[in-house]
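Novice: Encoded as C-alpha cells, here's the structure I'll be asking about.
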Amino acid sequence: MSGIVLLVLIGLGVAWVVTRGRQKMKLPVTGRHWLWIVIAVVVVLAIAYGASGHVSQH
C-alpha cells in the first residue's frame with residue numbers, strides 16, 4: 001500500500017511542475033490537467049516497476 005502512496009506523491013510532484021510550466025507559458029490549468037497528469041505518471045511508473053522484475057512473487 002505504501003508503494004501506491006509513493007506513486008501518487010510522485011505523480012502530484014510531476015503534475016505540480018507541469019502545471020507551473022503551463023502557467024508560465026500562459027496556458028490554462030484546470031483540475032483535469034492535474035488529474036490526468038497524476039494518473040499518467042502513476043500508470044507509467046507502475047508499469048516500469050512491474051517490468052523491471054522487482055515485483056515479489058508470493
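Novice: Students often check this: by mean Cβ neighbours within 10 Å, which of 3-10, 37-44 ranks highest, and how do the rest follow? Write out the running numbers ahead of the final one.
Specialist: Numbers: 3-10: 12.5, 37-44: 16.2.
Answer by packing, highest mean first, reads 37-44, 3-10.
Novice: Here is a follow-up. Mind checking the angle between helix 31-51 and the chain's longest principal axis? C-alpha axes, 0 to 90 degrees, to the nearest 10.
Specialist: Helix 31-51 and the main axis of the chain meet at about 30 degrees.
Novice: Using a 1.4 Å probe over the heavy atoms of the protein chains, calculate the carbon and sulfur portion of the accessible area of the chain as a whole percent.
Specialist: Values: 3380 of 4660 Å².
Taking all protein chains in place, the chain shows 73 percent carbon and sulfur surface.
Novice: Could you work out the per residue convex hull volume over the alpha carbons of the chain, in cubic angstrom? Could the numbers behind the result be given before it?
Specialist: Working: hull volume 4.4 nm³, N = 58.
Taking only Cα atoms, the chain has a hull volume of 76 Å³ per residue.
Novice: Let me ask you something else. Using mean Cβ contacts within 10 Å as the protection proxy, how do 11-17, 29-35 order, highest first? All intermediate terms of the calculation are to be shown ahead of the outcome.
Specialist: Values: 11-17: 15.6, 29-35: 11.7.
Result, highest mean first: 11-17, 29-35.
The values are calculated or read from the model by the stated rules, or taken from the named source; none is laboratory data. If you're wondering where the values come from, they're calculated on a predicted model, not measured in any experiment. Cβ atoms come from the backbone with ideal geometry, glycine included; neighbour counts cover every protein chain shown. We work out accessible area using only protein heavy atoms, side chains counted, and drop any ligands, DNA or RNA first. Shrake-Rupley method; radii C 1.70, N 1.55, O 1.52, S 1.80 Å.
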